[in-house]
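Chemist: Please see the structure below; I have some questions.
The values are calculated or read from the model by the stated rules, or taken from the named source; none is laboratory data. Just so it is clear, the model here is predicted, and its values are computed rather than measured. So basically every Cβ, Gly included, is an ideal-geometry build from the backbone, and we count neighbours across all protein chains shown.
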Amino acid sequence: MDFLKRLFTKEDIRKNLERIDPEKIPKHIAIIMDGNGRWATKRSLPRTAGHKAGIEALRDVIKTCSNLRVQYLTLYAFSTENWKRPEEEVSALMNLLVYYLRNEIQELNENNVRINTIGDISKLPQAALVEIEAAQKLTRENDGLTVSIALNYGGRLEIVNAIKEICRKVKNQEIEIEEIDERLFSDHLYTRGIPDPDLVIRPSGELRISNFLLWQIAYSEFWFSKIFWPDFNGKYLVDAILDYQERDRRYGGTK
């Protein structure tokens, strides 16, 4: 782990890095990036300022995951329910997505990060679709950290769509009913080909899932924090991983 110690400057992070077991790093971490609006309100700023501040947290978390050799990182960026927010805020979020991809993609690519999306992105503005396509095309051959951005994503809708597609295939005699099992069902989700999350992190003090990866998190470990997302950084990610490594994952069985 010596190479990791050189990547961080804060003493507390270095100490925690020494405690990390490299053999027990979670393969897949999923994060509900929550608390941007409340972070801004607490500082008498517009909610959009909180979303902008969250980019720094995102940058630090991606860097930390990459350095720790986490294989998959899934980020809950925009849910199917978020369209209910004020039009100004939704527009700011979409513009921020465009800005982030346009300005960060070269560095992400140089660090062997692959960009992926989950959700019904067809509903997103054209400018966002252009940047998403460019980012995926540029990074598709990378084999380091895969970052999946959940955009216009809802866990219930994902499950309903999977059922519809399976029913269509049964109707067209492409599959038999007896072939339907958990693995086949998983292959019809947005996350097909990606292992289920080992660890789910939610900052901001909320203790709920908010329609995120409902099927995939059946046996995930959870880590909650009262820290708003813009204040989240690599230190807290390392704390979450250390806590995860102390847990006994039995998947319904015993030891």
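Chemist: Among the residues that make up the stretch 149-156, is at least one of them within 22 Å of D196 (Cα to Cα) and in a helix (DSSP H, G or I)?
Modeler: Within the stretch 149-156, one or more residues are within 22 Å of D196 (Cα to Cα) and in a helix (DSSP H, G or I).
Chemist: Scan the stretch 36-54 and give yes if some residue there is within 13 Å of the chain's Cα centre (by Cα) and either modelled with pLDDT under 95 or crowded, with 18+ Cβ neighbours inside 10 Å (or both), otherwise no.
Modeler: No: the stretch 36-54 contains no residue that is within 13 Å of the chain's Cα centre (by Cα) and either modelled with pLDDT under 95 or crowded, with 18+ Cβ neighbours inside 10 Å (or both).
Chemist: Here's something else I'd like to know. Got at least one residue in the stretch 173-184 being outside any loop (DSSP other than H, G, I, E, B), in contact (Cβ under 8 Å) with a residue 12 or more places away in the chain, of a type in the set (D, E) and more than 28 Å from T64 (Cα to Cα)?
Modeler: No: the stretch 173-184 contains no residue that is outside any loop (DSSP other than H, G, I, E, B), in contact (Cβ under 8 Å) with a residue 12 or more places away in the chain, of a type in the set (D, E) and more than 28 Å from T64 (Cα to Cα).
Chemist: Among the listed residues K164, K123, identify the single one that is within 19 Å of N82 (Cα to Cα) and among the charged types (D, E, K, R).
Modeler: Numbers: K164 fails: within 19 Å of N82 (Cα to Cα).
Matching residue, one of K164, K123: K123.
Chemist: Can you confirm whether the stretch 114-123 contains a residue that is among the aliphatic types (A, V, I, L, M), surrounded by 17 or more Cβ atoms within 10 Å (Cβ to Cβ), touching a Ser or Thr at 6+ places or on another chain (Cβ under 6 Å) and modelled with pLDDT of 95 or more?
Modeler: Checking the stretch 114-123: at least one residue is among the aliphatic types (A, V, I, L, M), surrounded by 17 or more Cβ atoms within 10 Å (Cβ to Cβ), touching a Ser or Thr at 6+ places or on another chain (Cβ under 6 Å) and modelled with pLDDT of 95 or more.
Chemist: Here is a further query. Go through S220, S225, S210 for me and flag whichever is of a type in the set (S, T, N, Q) and in contact with a Phe, Trp or Tyr (Cβ under 7 Å, 6 or more places away or on another chain).
Modeler: Values: S220 fails: in contact with a Phe, Trp or Tyr (Cβ under 7 Å, 6 or more places away or on another chain); S210 fails: in contact with a Phe, Trp or Tyr (Cβ under 7 Å, 6 or more places away or on another chain).
On inspection, the qualifying residue turns out to be S225.
Chemist: Which of the residues spanning the stretch 185-199 are part of a loop (DSSP other than H, G, I, E, B), buried (at least 17 other Cβ atoms within 10 Å of the Cβ) and either at pLDDT below 95 or touching a His at 6+ places or on another chain (Cβ under 9 Å) (or both)?
Modeler: I194, D196, P197, D198
Chemist: Give all pairs with beta carbons closer than 7 Å in which a residue from the stretch 189-200 that is under 17 Å from I166 (Cα atoms) meets a residue that is β-branched (V, I, T); count only pairs at least 6 apart in sequence or on separate chains.
Modeler: If the second residue must be β-branched (V, I, T), the pairs left are Y190/I118; T191/I118.
Chemist: From K235, K164, K226, which residue is modelled with pLDDT under 95 and out of contact with any Ser or Thr (no Cβ under 6 Å at 6 or more places or on another chain)?
Modeler: K235
Chemist: Take the stretch 225-255 and flag every residue that is aromatic (F, W, Y) and buried (at least 16 other Cβ atoms within 10 Å of the Cβ).
Modeler: Step one: of the stretch 225-255, the residues aromatic (F, W, Y) are 228-229, 232, 236, 244, 251.
Within the stretch 225-255, F228, W229, F232, Y236, Y244 meet the criteria.
Chemist: Can you find even one residue in the stretch 101-110 that is surrounded by 20 or more Cβ atoms within 10 Å (Cβ to Cβ) and under 26 Å from E182 (Cβ atoms)?
Modeler: no
Chemist: If we scan the stretch 97-120, do we find a residue that is within 30 Å of L207 (Cβ to Cβ), assigned to a helix (DSSP H, G or I) and touching a strand residue (DSSP E or B) at 6+ places or on another chain (Cβ under 8 Å)?
Modeler: Yes, the stretch 97-120 contains a residue that is within 30 Å of L207 (Cβ to Cβ), assigned to a helix (DSSP H, G or I) and touching a strand residue (DSSP E or B) at 6+ places or on another chain (Cβ under 8 Å).
Chemist: I need the full set of residues from the stretch 200-250 which are of a type in the set (D, E, K, R), in contact with a strand residue (DSSP E or B) (Cβ under 6 Å, 6 or more places away or on another chain) and assigned to a loop (DSSP other than H, G, I, E, B), in order please.
Modeler: R247
Chemist: Another one. Could you please find all residues in the stretch 130-161 being free of Cβ contacts under 8 Å to residues at least 40 places away in the same chain and of a type in the set (A, V, I, L, M, F, W, C)?
Modeler: Hits for the stretch 130-161 are V130, I132, A134, A135, L138, V160.
Chemist: Also: I'd like the full set of residues that are surrounded by 15 or more Cβ atoms within 10 Å (Cβ to Cβ), within 18 Å of the chain's Cα centre (by Cα) and more than 24 Å from A162 (Cα to Cα), limited to the stretch 132-141. Spell out how you get there, then give the answer.
Modeler: Step one: of the stretch 132-141, the residues surrounded by 15 or more Cβ atoms within 10 Å (Cβ to Cβ) are 132, 135-136, 138-139.
Filter once more, so that each one left must be within 18 Å of the chain's Cα centre (by Cα): 132, 135-136, 139.
The answer is A135, T139.
Chemist: I've got another one for you. For the stretch 82-91, state whether one or more residues are in a helix (DSSP H, G or I), among the basic types (K, R) and within 24 Å of R202 (Cα to Cα).
Modeler: Scanning the stretch 82-91 turns up at least one residue that is in a helix (DSSP H, G or I), among the basic types (K, R) and within 24 Å of R202 (Cα to Cα).
Chemist: Only residues that are free of Cβ contacts under 8 Å to residues at least 24 places away in the same chain and aliphatic (A, V, I, L, M): list them for the stretch 201-218, please.
Modeler: The answer is L207, A218.
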